[in-house]
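Step one of this worksheet: look at the structure below.
Bear in mind that the values in this text are calculations on the coordinates, not laboratory data. Just so it is clear, the model here is predicted, and its values are computed rather than measured. We place every Cβ from the backbone using ideal geometry, glycine too, and count neighbours over all the protein chains shown.
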Amino acid sequence: MQTSLQIPTSGPGLYDFTREAQDFVRSAGIEEGLLTCFVRHTSCSLTIQENADPDVRADLQAFFAALVPPSDDPKMSFIRHTAEGPDDMPAHIKAALTQTSLSVPVGEGQMLLGTWQGLYLFEHRDASQQRQIILHLS
C-alpha cells in the first residue's frame, strides 16, 4: 500500500506527521510489515525525534542553523549555488547531512516507535513550502 502526505511548512522547523502516518498504517489493515517514509525534495529531510519536550526540536534547529549558516555568512563564502537565496544551498547541505527516508517497523497494526519518538519533516528553507512525503507499507 502507498499514499502521499502533503505537509505545509512555514519556515525552518520540525513538523510532526506521526499521527498521519499512524492513520495510514491503521487503515492499511496490515498487522506486520515495514513502513517507509520518503520525502520528495532536496532541501528538507526526515527524522525520528523526541516528541515530548519541544526544547529538543528547538535545540536541533539551533544546532543546524549554527552548523550551516546562510550562504551570505562570511564562513560560507565558498558557496556557489546562490540563485535561490542565501538559505537554499545551506538547506541542501542540511538535507545531505540528515535523511530523506525512514524505515519504521509495524507490528500489531501500528508503528513500533518508542514512547518518546515521533516522525518529523525537518524543513530547512526560510519560505513557506508545500512538501510531499510518500508512505509505503509492505
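Full extension from I134 to Q6: what is 0.36 nm times the residue separation minus their Cα-Cα distance, to one decimal in nm? All intermediate terms of the calculation are to be shown ahead of the outcome.
Numbers: separation 128, 0.36 × 128 = 46.08 nm, distance 0.90 nm.
Value of the extension gain: 45.2 nm.
Taking R0 as 25 Å, what's the FRET efficiency between R40 and K75 from their Cβ-Cβ distance, rounded to 0.05? It would help to have the intermediate numbers written out before the result.
Working: r = 30 Å, r/R0 = 1.21.
For R0 = 25 Å, the calculated efficiency reads 0.25.
According to the Kirkwood expression over distinct Cα-Cα pairs, how big is the hydrodynamic radius of the chain, in Å?
15.7 Å
Restricting to DSSP H runs of at least four residues, report the calculated mean residue ellipticity at 222 nm for the chain, -39500 (n - 2.57) per run over all residues, nearest 500 deg cm²/dmol.
Values: 3 runs with 35 residues, N = 138.
Roughly -8000 deg cm²/dmol at 222 nm, from the helical runs in the chain.
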